[in-house]
Every structure is written in C-alpha cells, then in structure tokens.
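Taking it in order: structure first as structure tokens, then the write-up.
The values are calculated or read from the model by the stated rules, or taken from the named source; none is laboratory data. In this text the structure is predicted, and so the values were computed from the model without any measurement. Please note: Cβ atoms are built from the backbone with ideal geometry, for glycine as well, and neighbour counts cover all protein chains shown. Heads up: the accessible areas ignore ligands, DNA and RNA and are worked out on the full protein's heavy atoms, side chains in. Shrake-Rupley method; radii C 1.70, N 1.55, O 1.52, S 1.80 Å.
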Amino acid sequence: MSTTSNRGGSKNGTVVRMAKRQERSTGEKYTPYGEYHFRESIERARSPYSLRNGITALALMGLCTGIYFYSLNVVKQEDFSDVPMPPEPTSEEKAEFERGGKEEASSG
C-alpha cells in the first residue's frame, strides 16, 4: 500500500509519493555494531576528549563528596544549645495524654 500526501513543498499541487520503509526479513535494524555501540567514526572523534572527560568527572565527584562530608561534619558539631527546649511534662500531663490516646483509639 503506497501512501500519497501533499506535503506543501510543491507549488503546483503535484502528489508526492513517500517510499515505504523496507524492513529486513528478520525484523532487525541495520547496524553492524550492535544496538548499544557507537560507530567507529564517532569513537575516533570522541577519543581525544576521553581523558579530559574522565578528569572532569573525578573532579566533580570529589567536589560532591567533599561537600557531603563537610556538611555531615558541621551538623555533627552542632550542639543545638541555642534552641530552647520545652519543660519535661509532669506525670499528670503524661497520664492525661495516655488517656486521650486510648479514648481516640477506641472511638475510631
């Protein structure tokens, strides 16, 4: 089945026939390098940058690791002495709280 369409590229209104894509008999794509490999020309073009990219990746990983451990160290040193703590609840307040929790559990 051929498809016809007027693509708007022709000014005189001729019909443009689009070629049907030919599929291989096995249904695979034509790639001699496999599905997840670059072509040789792309690998050749990228090879001068591989060392520089590796160094940049290590530098970024080192920076992120340094920031992470610095943050952990700063938080560990904080004693939160400037934050006011509420007073310890009395035994009456604790008993009232426990009774209130049991009543809500039995009614719900």
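Conditions tested, residue by residue: (1) of a type in the set (S, T, N, Q); (2) under 29 Å from the mean Cα position of the chain (by Cα); (3) surrounded by 10 or more Cβ atoms within 10 Å (Cβ to Cβ); (4) modelled with pLDDT under 90.
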residue	(1), (2), (3), (4)
N6	yes, no, yes, yes
V15	no, no, no, yes
R24	no, no, no, yes
Y30	no, no, no, yes
S47	yes, yes, no, yes
L51	no, yes, no, no
T65	yes, yes, yes, no
Y68	no, yes, yes, no
F80	no, no, no, yes
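Identify the single condition in (1) open to solvent by 100 Å² or more (accessible area, probe 1.4 Å); (2) in a helix (DSSP H, G or I); (3) modelled with pLDDT of 90 or more that R99 does not satisfy, given that it satisfies every other one.
Exception for R99: condition (3).
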